[in-house]
1. Using θ = phi - 60° and the Karplus curve 6.51 cos²θ - 1.76 cosθ + 1.60, what whole-Hz ³J(HN,Hα) does each residue of segment 80-97 get, with Gly and Pro shown as x?
2. Using r as the Cβ-Cβ distance of Asp247 and Asn364, and R0 as 35 Å, what FRET efficiency do you calculate, to the nearest 0.05?
3. Evaluate the charge dipole of segment 247-362 about its Cα centre and quote only its size in Debye, nearest 20, assuming +1 on the Cβ of each Lys and Arg and -1 on the Cβ of each Asp and Glu.
4. Under 16 Å from the Cα of Lys362, which aspartates and glutamates turn up, not counting those fewer than eight places away in the same chain?
5. Taking only complete DSSP H runs, can you tell me which helices of the chain stretch 30 Å or more along their own long axis by Cα positions and average at least -0.5 on the Kyte-Doolittle scale?
6. Using modelled amide H (1.01 Å from N, peptide plane; none on Pro or chain starts), what sits under 5 Å from the amide H of Lys376, excluding residues fewer than 5 places away?
7. For Lys253, go through the lysines and keep the ones whose alpha-carbon is under 16 Å away, minus same-chain ones fewer than eight residues off.
8. Which cross-chain or sequence-distant (5 or more) residues have an amide H under 5 Å from the amide H of Thr45, H modelled 1.01 Å from N in plane?
Amino acid sequence: MSSYNILLLGSGGRECAISWKLRQSKLCKELFIAPGNAGTAQYGTNLPFSVTDFEEIKRVCLEDRIDILFPGGEDSLVAGIYDFVKNDPELKHIIVAGPSQEGAQLEGSKAFSKKFMERHNIPTAAYREFTDENFEEGIAYLKQHDLPIVLKADGLAAGKGVIIAQSTDEAVEAFTTMIKEAQFGDASKKVVVEQFLDGIELSVFALSDGTNYVRLPEAKDYKRIGEGDTGLNTGGMGAISPVPFADDAFMQKITERIIEPTVRGLKQENIIYQGFIFFGLINVKGEPYVIEYNCRMGDPETEVVMPRLENDLVELIVKMHEGKLNEVTVQHDKRAACTVMLVSEGYPGNYPKGRVMTGFDKVNSSIAFHAGTSLKDGNTVTSGGRVIAITSYGDTIQDALKTSYENAAHIEYEGRYYRKDIGYEFK
Ligand code: AMP
Ligand code: GLY
């Protein structure tokens, strides 16, 4: 294989972990990250433009002779970056590590993904969808629904579009605000109402070439801000891999009932999909159900998945492009990996920015994947809610966590917060 110039889109901990992994590949020539953060700057060249600035993406692709475009998050994919590249004669030779705009609807529209699962008999919560047109029917439906009731804005709502109502009144109120007051803008003009599934969640990842796929290490993330999974939802406060309850028998069910029908279903429906599929799953008494699909890797899951992926990531992407993932055997590192997310005070609400960070030189035996950081006057400063992910390996999850916690304590900035109980269920 020759070597490749790569443009990665995004600026979070996920993109820092992907940059770290890409940089290790002998197939990676130049690596650019847009917009990137203080961490990605260690592995490549940051470029200051937004992930949805397609004209700027085009300019850089031509100027820097990009061979692989790697959208880290969903925004550019849902906005149609794949189709933009493939419909442009000057760009269409570029490998895009992500699906077409239609394929990205698996994440971009809850109603689309629910219908897709229904067509392919993929286990998921029972649901109905409503808009302003059948609003009254929706209210009647809510009134006879078992509690709790799950309400989801149809479109992208930056992870905030899901409401789990504990009473009928709460459900009716949320439903009304979502539809009548467009609480999440266009995203909530359509609302999916679904059955509540009671169980423990996990994240499973596949890379599909449209026909074949490889499965990457699975992970569990910790979404709530508070210890014991309490308080507000966040982008994710930590992650572990492997997931102790995801034994061979359970993974086999996931493969047969969920991963294979998804890859096959996309192909049958002629939906162009060469990229990552993130299966947000829940284990209900030993049976896996899909909570959501995402058309990209997870964050902070990537901060433990990339360290446990032994294969060359660039080679996987090239094989994906060639439709030859059947020739690849994915090797998962036997060790456990975990990550602990350091955040800014106030997160997931308003938080300060620009706090000077110190202690990076004291980090030992862990990897500090930067999320919301930037460089200012020679200092690394905070620039986001989630600031840094401290990832470690260990023979067990608890060993890995111990190392991450020792190192998390070395990184200092005013208002630092992190959960001290990642992996608590598996002690
Ligand atoms: P989503 O944006 O679809 O991933 O939903 C966000 C979170 O809401 C999930 O990670 C779950 O914790 C929770 N959730 C979503 N759908 C359901 C459901 N049907 N039953 C129980 N919890 C759910
Ligand atoms: N950690 C969940 C996500 O990336 O959506």
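The values are calculated or read from the model by the stated rules, or taken from the named source; none is laboratory data. Remember, it's a predicted structure, so these values are computed and weren't measured experimentally. Cβ atoms come from the backbone with ideal geometry, glycine included; neighbour counts cover every protein chain shown. For the accessible areas, the whole protein counts, side chains as well, though only heavy atoms, and no ligand, DNA or RNA atoms are used. Shrake-Rupley method; radii C 1.70, N 1.55, O 1.52, S 1.80 Å.
1. x, 4, 4, 5, 4, 5, 6, 8, 10, x, 7, 10, 5, 6, 6, 6, 10, 8
2. On the way: r = 33 Å, r/R0 = 0.95.
Given R0 = 35 Å and the Cβ-Cβ separation, E is 0.60.
3. Computed charge dipole of segment 247-362: roughly 200 debye.
4. Glu406, Glu412
5. Span-like helices, by this rule, are absent here.
6. Val381
7. Here the lysines satisfying the reach criterion relative to Lys253 are Lys285.
8. Here Leu31, Phe32, Ile33 satisfy the definition.
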